[in-house]
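Colleague: Input: one structure, supplied below.
The values are calculated or read from the model by the stated rules, or taken from the named source; none is laboratory data. These numbers were taken from a predicted model, which means no experiment stands behind them. Please note: Cβ atoms are built from the backbone with ideal geometry, for glycine as well, and neighbour counts cover all protein chains shown. For accessibility, only protein heavy atoms count, side chains too; no ligands or nucleic acids. Shrake-Rupley method; radii C 1.70, N 1.55, O 1.52, S 1.80 Å.
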Amino acid sequence: MLKKTVFLVASCSALLLGCGGAPETEQDVNEEVISNLLEAGFPLNDIMVADGNVYVGRDAHITLQASREMLQANETSEEQYRTTNQVGTGVTKICVNPTADFNTYPMLSQGLDLAIANYNARALRLTFARGPTTGCTANITAQTMAGTGGSAGFPSGGLPYGVINIGTGLNTYSLNVNKHVITHELGHTIGFRHSDYYNRSISCGSGGDEGDSGVGAILIPGTPATAVVGGSIMNSCFRSTETGEWTSTDITALGYLYGTGGVAACSSLNFVAYRGQNGTQISCSCPGAGSGSVWGTDTYTDDSDVCAAAVHTAAIPSSGGTVLVTIRPGQSSYTGSTRNGITTLSYGAWNGSLSIASVTPPANCTSYDFTSYRGQNGTAIRCSCPTVSGGTVWGTDTYTDDSSVCAAAVHAGVISTSGGVVLVTIRPGQGSYTGSTRNGITTLSYGAWSGSYSVSP
């Protein structure tokens, strides 16, 4: 990977140093690799030799074995873009082992930790660990090189490529840029091509096609066939403003190739990056109530702490759970409130929003004793109602806390008699409650009572 506007150039004469013979010397090996790459469809002007190794796309080292495998028939289904070779299912824990020199560069070292966390947050069938450690089924060495870019290679024999090279010049860049570049190079080791391999000028400002031919650059289903600047961590060149966060396209690609059906931690996702993708839904997990700031009620700003917002909106209890986040348009204002121990803030206009729902079906409302929540005003509980056939209720819109919740929800017009999910919000006791008839339910009047609730969708 290169910094935008910084390029490596190799002339044809630098590549074609002699011909023929079995690959016995380093030169012979490289010539076969080049020959195999040309046959696989890579253009000559995108193949280079540096430090005795053959590279394509300026940063992907191709071994002899990997080049031979590119010529084998692809028997997998069509799979952003991947190489023909992938990491086998026998690899479950990839240990990334930095050299002593690598560890002397604090931004590189911290960037490695963040890149590893990037992958592990995706709940893949592959986990990454910083070595040395135990239980490794594959190893990658993280070492330094000159410059401000990085290089790596593609998988071979079911194993990830064994080395990533990270430029020491990156130590002067932000931690986010280091995270981005190292995540990018690790992506190559497990089989990701550049998302703009077909036109490097998209992210680099100039440059051509790295080569396709349907063998070495296979489109991953569910991802766009075209690239945009900032659209993927796997863009050919990086910018000084990179955040190091996965894009939605990256997440789709990772999940398709190496997913398990698990969900990522909500704290690992940058929901601002989904702004404008209204209606998009992302499932993620919360270990408990978040500790960050939240703006809004039910509809929240997209930079809010999702886990804290999830507890506030009663999607999960304070002990945590899995939530479904839906991307919404920006709002002209957001109103704060206090619910379930979480106080949110008010705000004016903001360009992106989100709402949060529970993935786990809520418990039956009849399993709750709402009088036990008396005094916890503002606390909200999601619960489900089966078919409603009756029940005693006191009040209108605000009900005594010993009333039948499901009958009250029908009375309030929140659900029909066929049932549904309701949000019960604990309210203070009232001096009196007035009965009425609505939606086929007749409620009763009552005097003073020590606890109340209201119901909403």
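Colleague: Kindly provide the set of residues from segment 228-261 that are among the hydrophobic types (A, V, I, L, M, F, W, C), assigned to a loop (DSSP other than H, G, I, E, B) and farther than 20 Å from Tyr198 by Cα, ordered by number. Spell out the reasoning first.
Modeller: From segment 228-261, those among the hydrophobic types (A, V, I, L, M, F, W, C) are 228-229, 233-234, 237-238, 246, 251, 253-254, 257; that's our starting set.
After this cut, where a residue has to be assigned to a loop (DSSP other than H, G, I, E, B) as well, the list is 228-229, 233-234, 246.
Correct list: Trp246 only.
Colleague: Can you pull out every residue in segment 150-177 that is polar (S, T, N, Q) and not in a helix (DSSP H, G or I)?
Modeller: Kept after step one, since they are polar (S, T, N, Q), are these residues of segment 150-177: 151, 156, 165, 168, 171-172, 174, 176.
Answer for segment 150-177, where residues must be polar (S, T, N, Q) and not in a helix (DSSP H, G or I): Ser151, Ser156, Asn165, Ser174.
Colleague: If the Cβ limit is 7 Å and pairs must be 6+ apart or interchain, which residue in segment 164-189 that is within 15 Å of Ser151 (Cβ to Cβ) and surrounded by fewer than 23 Cβ atoms within 10 Å (Cβ to Cβ) pairs with which residue that is of a type outside the set (Ser, Thr, Tyr) and at pLDDT 95 or above?
Modeller: As it stands, the answer is Asn165/Gln143, since those pairs meet every condition given.
Colleague: Considering only residues that are open to solvent by less than 10 Å² (accessible area, probe 1.4 Å) and assigned to a strand (DSSP E or B), which ones fall in segment 399-420?
Modeller: Tyr399, Thr400
Colleague: Let me ask another. Quick check: is even one residue across segment 248-257 of a type in the set (Ser, Thr, Tyr), open to solvent by less than 20 Å² (accessible area, probe 1.4 Å) and modelled with pLDDT of 80 or more?
Modeller: No, segment 248-257 contains no residue that is of a type in the set (Ser, Thr, Tyr), open to solvent by less than 20 Å² (accessible area, probe 1.4 Å) and modelled with pLDDT of 80 or more.
Colleague: Tell me which residues, restricted to segment 272-311, are among the aromatic types (Phe, Trp, Tyr), under 27 Å from Gly231 (Cα atoms) and open to solvent by 10 Å² or more (accessible area, probe 1.4 Å). Working first, answer last.
Modeller: Step one: list which residues in segment 272-311 are among the aromatic types (Phe, Trp, Tyr), which gives 274, 295, 300.
Right, trim to under 27 Å from Gly231 (Cα atoms) and you get 274, 300.
Within segment 272-311, just Tyr274 meets the criteria.
Colleague: Filtering segment 354-398 down to residues that are of a type in the set (S, T, N, Q) and out of contact with any strand residue (DSSP E or B) (no Cβ under 9 Å at 6 or more places or on another chain), which residue is surrounded by the most Cβ atoms within 10 Å (Cβ to Cβ)?
Modeller: Looking at residues that are of a type in the set (S, T, N, Q) and out of contact with any strand residue (DSSP E or B) (no Cβ under 9 Å at 6 or more places or on another chain), I get Ser372.
Colleague: Out of the strands (runs of 3 or more DSSP E) lying entirely within segment 57-149, which hold 1 or more residues that are at pLDDT 90 or above? I'd like the intermediate steps shown before the answer.
Modeller: Details: elements: 60-62, 93-98, 127-130, 138-145.
By residue number, 93-98, 127-130, 138-145.
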